[in-house]
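Peer 1: First, the structure itself, so that you have it in front of you.
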Amino acid sequence: MQRTNRTFSVDNIADFKEHLLIWSQQFDTALWLDANNYHQQYSNFDAALAVEEFTAIKTDYDNAFDKLKEYQSMTNDYIFGYISYDVKNDIEQISSKNFDGLDFSDLYFFQPQKLIFIRGNNIEFKYLNMVDNEIETDFEEIKNLGFNCVQQDNIVNSDIKIKLRIHKDQYHKKIHKILDHIQKGDIYEANFCQEFYAENATINPVETYQQLNNIAAPPFACFLKLEHQYALCSSPERYIKKEGTKVISQPIKGTAKRLISKVDDEKIASDLQKDEKERAENVMIVDLVRNDLSKTAKMGTVKVEELCKVYPFKQVHQMISTVVSQVEGNIHPVEIIRSTFPMGSMTGAPKVSAMNIIENLEETKRGLYSGTIGYFTPKGDFDFNVVIRSILYNEEEKYISYSVGSAITIKSSAEKEYEECLLKAKAMKHVLSNSK
């Protein structure tokens, strides 16, 4: 599919980005990706916006990867979308029968009519030829959007009463069941998640996302709108990326809060770097990722570029490892994702055993949470995040949800894991509790 390219330059990129996100809300379908000026080794753009379906695929998990493979091959263009965690059921004999208050499709991708990339102060418009006569008009409209005109339908967040799907005493019991499985040798590690939710609640999605993003400013933030369903994602984690024949995965395992004092903050980061339990969690997932990448890699090309490196974010320190591989040029990009999905940082090890155990113990269907949002290029490259630190919202059902999890190993304490979950939930809770 042919696209027309036009590039413009703006002085105030922060204002333009804010205008761009609000301008996108006129469309039923919009996906905004923002790196938040976070400097990283593997990056293609500072931000991107894809809006307005030309073609799309929406399906449940049954044969989802085969359908995506066919769609991506036939489209041969940029496609943006998500793969929910429950597409695992397409790969393994697992079913998801837990409660789902959000009702997202299991897999969704669309070919945008209008696509905009931001790199530095340059704005690149890539429009399908059928709408390329709207490029200059759209640019002027976005650039000149007045602050007083950008409120989204004046929706004010209602009083939001956040509830726990799993109460603290239940959480402790479930952690001890996981520890029993570990002691029996069924698994080494499991990522156990719990949901916080609100019913009969309304929010302004754009304003809520902006507040959430301002708190953390992570490198894999995104805002997804699909008619009445929204994902407000403040993710620090890349799931997987393909650049030519190179594949990169960057699992996160290990979290510590930021402290005000520089000395104290540096010490807590150093303590995280040396923490045996946190390093053990990370190394287990690195081994899992190495195994996953080896399924499509050229022999001998799977390497760990970085092991257990601590990176600072606005709210927390995170321990991140980088695992890479080389693939043959003729391997289909969807096969690389299929062979690594779902990401090990959200399951545990061994992966299938861990998925079965957490499916039985969790109370909520994960859906888009701990799935992935991203895009494919016309050349078959791709980049996908991990959907964590995110608020999911079904406007029609007035249902708001955010989930958090932690890795359970033999050295885990139920109380400390619960505290880690509360730390990870802090930003979402703050935004929803303090919205006006």
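The values are calculated or read from the model by the stated rules, or taken from the named source; none is laboratory data. Note that this is a predicted model, so its numbers are computed, not measured. Methodologically, a virtual Cβ is constructed for each residue, glycine included, from the backbone with ideal geometry; neighbour enumeration extends over all protein chains shown.
Peer 1: Being small (Gly, Ala, Ser) and over 15 Å from Asp275 (Cβ atoms) is the filter; apply it to region 406-436 and report the residue that is surrounded by the most Cβ atoms within 10 Å (Cβ to Cβ).
Peer 2: Among residues in region 406-436 that are small (Gly, Ala, Ser) and over 15 Å from Asp275 (Cβ atoms), the one surrounded by the most Cβ atoms within 10 Å (Cβ to Cβ) is Ala427.
Peer 1: Could you say whether any residue in region 236-252 is surrounded by 15 or more Cβ atoms within 10 Å (Cβ to Cβ), in a helix (DSSP H, G or I) and either touching a strand residue (DSSP E or B) at 6+ places or on another chain (Cβ under 7 Å) or among the charged types (D, E, K, R) (or both)?
Peer 2: no
Peer 1: Let me ask something additional. Within region 158-173, is even one residue more than 30 Å from Ser413 (Cβ to Cβ), surrounded by fewer than 18 Cβ atoms within 10 Å (Cβ to Cβ) and either of a type in the set (Asp, Glu) or at pLDDT 95 or above (or both)?
Peer 2: yes
Peer 1: Let me ask another. Can you tell me which residue in region 271-313 is surrounded by the fewest Cβ atoms within 10 Å (Cβ to Cβ), limited to those that are free of Cβ contacts under 8 Å to residues at least 12 places away in the same chain and farther than 20 Å from Gly344 by Cβ?
Peer 2: Met299
Peer 1: Are any residues in region 50-62 buried (at least 16 other Cβ atoms within 10 Å of the Cβ) and in a loop (DSSP other than H, G, I, E, B), and if so, which ones?
Peer 2: Once the filter is applied, which keeps residues that are buried (at least 16 other Cβ atoms within 10 Å of the Cβ) and in a loop (DSSP other than H, G, I, E, B), region 50-62 yields only Tyr61.
Peer 1: Additional query: If you take the residues of region 19-58 that are more than 19 Å from the chain's Cα centre (by Cα) and of a type in the set (Val, Ile, Thr), which of them is modelled with the lowest pLDDT?
Peer 2: Ile22
Peer 1: Tell me, which residue of region 33-49 that is within 29 Å of Glu305 (Cα to Cα) and in contact with a Ser or Thr (Cβ under 9 Å, 6 or more places away or on another chain) is surrounded by the most Cβ atoms within 10 Å (Cβ to Cβ)?
Peer 2: Going through the qualifying residues, I end up with Ala35.
Peer 1: So which of Gly367, Gly380 ends up being more than 17 Å from the chain's Cα centre (by Cα), crowded, with 17+ Cβ neighbours inside 10 Å and on the phi > 0 side of the Ramachandran plot?
Peer 2: Unique residue meeting the criteria: Gly380.
Peer 1: Could you give every pair whose Cβ atoms fall below 8 Å, whose first residue belongs to region 164-183 and is part of a loop (DSSP other than H, G, I, E, B), and whose second residue is crowded, with 19+ Cβ neighbours inside 10 Å and among the hydrophobic types (A, V, I, L, M, F, W, C), counting only separations of at least 6 or pairs across chains?
Peer 2: That search, which allows pairs on different chains as well, returns Arg165/Phe196.
Peer 1: Give the residues of region 280-321 that are under 30 Å from Glu266 (Cβ atoms), out of contact with any Ser or Thr (no Cβ under 8 Å at 6 or more places or on another chain) and of a type in the set (Gly, Ala, Ser), sorted by residue number.
Peer 2: If the condition is that a residue be under 30 Å from Glu266 (Cβ atoms), out of contact with any Ser or Thr (no Cβ under 8 Å at 6 or more places or on another chain) and of a type in the set (Gly, Ala, Ser), then Ser321 is the only one that fits.
Conditions tested, residue by residue: (1) surrounded by 24 or more Cβ atoms within 10 Å (Cβ to Cβ); (2) in a helix (DSSP H, G or I); (3) without any contact (Cβ under 8 Å) to a residue 40 or more places away in the chain; (4) in contact with an Asp or Glu (Cβ under 8 Å, 6 or more places away or on another chain).
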{"position": "Asn200", "(1), (2), (3), (4)": "no, no, no, no"}
{"position": "Glu207", "(1), (2), (3), (4)": "no, yes, no, no"}
{"position": "Asn213", "(1), (2), (3), (4)": "no, yes, no, yes"}
{"position": "Pro218", "(1), (2), (3), (4)": "yes, no, no, no"}
{"position": "Cys222", "(1), (2), (3), (4)": "yes, no, no, yes"}
{"position": "Leu232", "(1), (2), (3), (4)": "yes, no, no, no"}
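Peer 1: Also: Yes or no: Ala30 closer than 25 Å to Asp90 by Cα, assigned to a strand (DSSP E or B) and out of contact with any Cys (no Cβ under 9 Å at 6 or more places or on another chain)?
Peer 2: Values: closer than 25 Å to Asp90 by Cα: no; assigned to a strand (DSSP E or B): yes; out of contact with any Cys (no Cβ under 9 Å at 6 or more places or on another chain): yes.
So Ala30 does not fit the description; no.
Peer 1: Does any residue of region 237-254 turn out to be of a type in the set (A, V, I, L, M, F, W, C), free of Cβ contacts under 8 Å to residues at least 24 places away in the same chain, out of contact with any His (no Cβ under 8 Å at 6 or more places or on another chain) and over 28 Å from Leu164 (Cβ atoms)?
Peer 2: Within region 237-254, the first condition is being of a type in the set (A, V, I, L, M, F, W, C), and the residues that meet it are 240, 247-248, 252.
Those still in the list that are free of Cβ contacts under 8 Å to residues at least 24 places away in the same chain too: none.
There is no residue in region 237-254 that is of a type in the set (A, V, I, L, M, F, W, C), free of Cβ contacts under 8 Å to residues at least 24 places away in the same chain, out of contact with any His (no Cβ under 8 Å at 6 or more places or on another chain) and over 28 Å from Leu164 (Cβ atoms).
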